[in-house]
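Notes to accompany the following structure.
The values are calculated or read from the model by the stated rules, or taken from the named source; none is laboratory data. Given the structure is predicted, the values throughout are model-derived calculations rather than measurements. In this analysis, Cβ positions are derived from the backbone assuming ideal geometry, glycine residues included, and neighbour counts consider all displayed protein chains. Protein only, heavy atoms only, side chains kept; ligands, DNA and RNA dropped before computing areas. Shrake-Rupley method; radii C 1.70, N 1.55, O 1.52, S 1.80 Å.
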Amino acid sequence: MVNKLIVSNVLHRPIRTAVSVLAVAIEVAMVILVVGLCHGLVNDSARRVEGVGADILVRPPGASFMLGLGEAPMPTKIGERLAELPRVLAVAPAIIHVNNAESVDLIYGIDMSSYNAVSGGFVYLSGGPFQSPYDVLVDDIYANAHHTKVGATMNLLNHDFKVAGIVEHGKGARRFIPLTTMQDLTASQDKATTFFVKCTDPAYAEQVTDAFKTLLPGYTIYPIKEYMALMTSNNIPGLNYFITVMIALAVGIGFLVIFLSMYTTITERTREIGILKSLGASKAYIILVILREATLLTAVGIIAGFIGALILRKVMGGVFPTLPVEITWDWRLYAACLALLGSILGSFYPALRAAQLDPVDALAYE
Amino acid sequence: MEPIISVKSLVKTYRLGKVDVPALRGVDLVVQEGEFVAVVGPSGCGKSTLLHILGGLTGPSEGQVCIDGNDFRLMTDADRTRFRRHKIGFVFQRFNLLPTLSARDNIAIAQHIQGNGFNPHRFEAITRMLGIDKKLNHRPFALSGGEQQRVAIARAVICEPKILLADEPTGNLDTENSQVVLDMLRELNRTFRQTILMITHNPEAAGIANRIIRMRDGRIISD
């Protein structure tokens with residue numbers, strides 16, 4: 001019976017219902033998409049580094065675990081010394097440059113032969129390896145996003161580069177240029193910012209890491225498993241704060257809209273609450289009716305938010321293919337719980353106010 | 001036999017801002033079970049306040065109110081709500097049906113709030129007696145005033161209350177519908193020995209009661 005009353009009330013005020021559902025849907029979709037985008041970017045970046053195929057990363061002293069963030073270059077000769085150590089199969093020096101000309105992305109300057117030795121080589125979807133110092137390789141996602149074809153030119157580091165090949169994505173950056181060219185353009189001759197190291201067997205990674213640390217005290221050296229464990233949003237400076245602020249904003253919107261919606265409802269339905277009280281409805285009964293109505297609106301909003309988030313992810317994937325959005329069941333559940341909590345808190349005061357209405361005044365309400 | 005309503009020296013004073021407004025100034029009243037009592041008097045004489053106090057919608061300022069053995073002085077607000085749920089049925093001048101529910105659900109919600117479950121036998125008997133059994137799927141806006149008031153009566157008596165309190169039940173009805181509603185109330189009183197206390201301005205309406213109480217300035221002036 002209470003369900004009938006709630007459903008009929010919700011259907012009786014379609015605009016209020018639509019606005020409340022929309023607000024909750026925006027809240028849920030915002031939480032899912034913001035978190036999904038942050039996690040998607042971090043995880044995609046980590047997966048691409050893992051995709052290089054290295055077992056160990058060697059970086060300068062004091063370097064951030066995030067590739068490309070403010071490290072001083074190391075002499076490439078270090079790589080030659082590392083390659084001489086036992087159980088080391090290959091060492092690929094690279095300069096990882098943060099390009100923020102169009103959007104923030106990483107460009108790898110690579111030595112093709114050693115990078116192939118570590119990664120097993122690129123899979124070319126069209127074109128082929130570098131033919132000249134100002135050639136660039138792009139991955140298929142970048143090519144699709146920018147409608148880039150082999151032979152096209154693009155400006156990198158204030159120089160025109162010709163696209164020599166389009167490679168399958170997943171091996172580090174989305175764009176690669178020859179290491180020597182990168183060294184010239186960044187005034188880092190015979191330097192590298194990262195060494196990708198391949199062991200003769202991945203099982204030796206920790207053992208070789210220890211040997212590297214003895215040889216290069218103070219350098220930042222990670223087995224790839226440790227690097228992958230570090231690449232989470234919890235370890236990215238400020239990212240968790242950003243996510244928390246965005247979630248708080250989204251929950252705040254949901255809370256306020258539900259609060260206003262239910263508060264208005266209580267005012268509109270003062271007489272109806274008086275009627276229920278005249279029939280002997282207790283305070284708890286009135287509170288539950290209001291809370292259940294808010295919960296129904298929220299539940300519909302949550303479903304709409306899920307659907308909206310999936311649609312927006314699809315749209316974003318089409319418009320910005322390089323921005324991966326990972327929608328996980330965990331965060332769907334969190335977003336739903338947050339929306340529910342926000343709406344229960346938002347409707348609690350109006351519910352309490354309704355329960356405390358004087359029945360005589362409520363019945364006389366015009 | 002103990003009276004179903006026993007009121008002694010009942011005083012009710014409302015406070016409007018800093019001004020005390022006396023609504024009842026010492027009312028004594030005894031009603032036996034099965035009586036049909038009409039309370040008449042001019043506007044502002046305290047009729048509605050008396051009805052609200054007897055129904056437990058508001059508490060007295062002073063005096064003793066004892067309904068079916070329940071002394072209001074000893075009852076909290078929650079106790080009075082529980083008491084109202086089980087022992088009182090209200091009929092209002094403005095029908096006061098829930099606009100989003102059908103007639104059937106408006107009646108059934110009283111049973112739901114009472115918590116004793118749906119009693120189909122009584123439901124059928126009441127709705128047939130009140131002549132609304134063919135209108136149960138209609139919402140209030142699709143019913144005439146007379147039909148709405150009969151739905152309100154059905155809602156008020158569906159849980160077999162000890163007392164039916166009717167506040168100007170014919171005040172919003174034309175003569176024909178007023179007569180139908182009054183006939184229904186009299187029928188309820190005769191068939192089910194339903195105790196009814198009805199407030200009215202209308203002398204003809206009061207005429208159907210077994211007993212007429214006149215009020216003025218917060219006091220009973222004749223009984």
Give the average, rounded to an integer, of partner chain Cβ atoms located within 10 angstrom of each Cβ in A:266-279. 5
In whole Hz and in residue order, list the ³J(HN,Hα) couplings for the stretch B:55-63 that follow from phi through the Karplus curve 6.51 cos²θ - 1.76 cosθ + 1.60, θ = phi - 60°; x for Gly and Pro. x, x, 6, 9, x, x, 7, 8, x
For B:K135, which lysines qualify as cross-link partners when the Cα separation must be under 20 Å and same-chain residues fewer than eight apart are set aside? A:K4
Going by the alpha-carbon gyration tensor, a ≥ b ≥ c the square roots of its eigenvalues, is the stretch B:1-102 rounded (a/c under 1.5) or, if a/c is not under 1.5, prolate (a/b greater than b/c) versus oblate? rounded
Find, among the trypsin sites (Lys or Arg not before Pro) in the stretch B:135-193, those assigned to loop by DSSP (not H, G, I, E, B) with at most 13 other beta-carbon atoms within 10 angstrom. B:R193
So the carbon and sulfur contribution to the accessible area of the stretch B:84-176, 1.4 Å probe, in percent, is 45 percent
Give me the number: length gained by fully extending B:D183 to B:R128, i.e. 0.36 nm times residue separation minus the C-alpha to C-alpha distance, one decimal in nm. 18.4 nm
How would the stretch A:142-210 be classified by its alpha-carbon gyration tensor: rounded, prolate or oblate, with rounded meaning a/c under 1.5 and the a/b versus b/c comparison settling the rest? oblate
Tell me the total accessible area that B and A bury against each other, 1.4 angstrom probe, in square angstrom rounded to 100. 2200 Å²
How far apart, in nm, are the 7 Å Cα→Cβ label points at B:N119 and B:K18? 5.3 nm
May I ask you to list the lysines whose Cα is less than 16 Å away from that of A:K149, ignoring any residue fewer than eight positions away on the same chain? A:K162
A student applying the Cα gyration tensor rule (rounded when a/c is under 1.5; otherwise prolate if a/b is larger than b/c, oblate if not) would label the stretch B:59-210 oblate
With θ taken as phi - 60° and the coefficients 6.51, -1.76 and 1.60, list the Karplus ³J(HN,Hα) couplings across the stretch A:259-274 in order, rounded to whole Hz; mark glycine and proline as x. 4, 5, 4, 6, 5, 5, 4, 4, 5, 4, 9, 3, 5, 5, 5, x
How do the peptides A:203-214, B:77-88 rank, highest first, by the average count of neighbouring beta carbon atoms within 10 Å per residue? B:77-88, A:203-214
Enumerate the amide H contacts of A:N99 below 5 Å, restricted to partners 5 or more residues apart or on another chain; note that Pro and chain-start residues carry no placed amide H. A:D105, A:L106, A:I107
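May I ask you to list the chymotrypsin sites (Phe, Trp or Tyr not before Pro) in the stretch A:260-366 that are in a DSSP loop and have at most 11 other Cβ atoms within 10 Å of their Cβ? Please report the intermediate quantities before stating the final value.
Values: sites: A:Y263, A:Y285, A:F306, A:W329, A:W331, A:Y334, A:F348, A:Y365; in loops: A:Y365.
Those that pass, being in a loop and sparsely packed, number zero.
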Give me the inter-chain shielding for A:280-288: mean count of other chain Cβ atoms within 10 Å, whole number please. 5
If one compares the long axis through the Cα atoms of helix A:283-319 with the longest principal axis of the Cα atoms of chain A, the angle in degrees, nearest 10, works out at 30 degrees
Can you list the HN-Hα couplings for the stretch A:324-331, worked out from phi with the Karplus curve (6.51, -1.76, 1.60; θ = phi - 60°), rounded to whole Hz and with x for Gly and Pro? x, 10, 9, 9, 9, 5, 4, 6
For B:K47, which aspartates and glutamates qualify as cross-link partners when the Cα separation must be under 15 Å and same-chain residues fewer than eight apart are set aside? B:D28, B:D167, B:E168, B:D217, B:D223
Here is the link list: A:K283/B:K12; A:K283/B:K87; A:K171/A:K225; A:K198/A:K225. Which ones come out longer than 21 Å on Cα distance? A:K283/B:K12
What does the average come to when, for each residue of peptide B:156-163, you count the partner chain Cβ atoms lying within 10 Å of its Cβ? 1
For the stretch A:84-232, with every protein chain kept in place, what is the accessible area per residue (1.4 Å probe, Å²)? 46 Å²
Restricting to Cα pairs below 8 Å that are 6+ residues apart, what does the relative contact order work out to for the stretch A:224-366? Please round to a whole percent. 48 percent
Out of residues 5 or more away from A:D135 or on other chains, whose amide H comes under 5 Å of its own, with H placed 1.01 Å from N in the peptide plane? A:K162
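Can you give me the % of accessible surface on the stretch A:61-218 that is carbon or sulfur? Probe 1.4 Å, all protein chains present, nothing else counted.
Exposed carbon and sulfur together represent 52 percent of the surface.
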Comparing the chain by itself with all protein chains present, which residues of the stretch A:347-366 are at least 30 Å² less accessible (probe 1.4 Å)? A:P359, A:V360, A:L363
Normalised by the residues of chain A, what does the relative contact order come to in percent, with Cα pairs under 8 Å and at least six apart? 29 percent
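Over the stretch A:61-218, what is the mean sequence separation of C-alpha contacts under 8 Å (at least six apart), divided by residue count, expressed as relative contact order in percent? Numbers along the way, then the final one.
Values: 292 pairs, mean separation 49.4, N = 158.
It comes to 31 percent, rounded to a whole number.
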To test your reading of the geometry: what angle, between 0 and 90 degrees and rounded to tens, separates the Cα axis of helix A:2-12 from the longest principal axis of chain A? 80 degrees
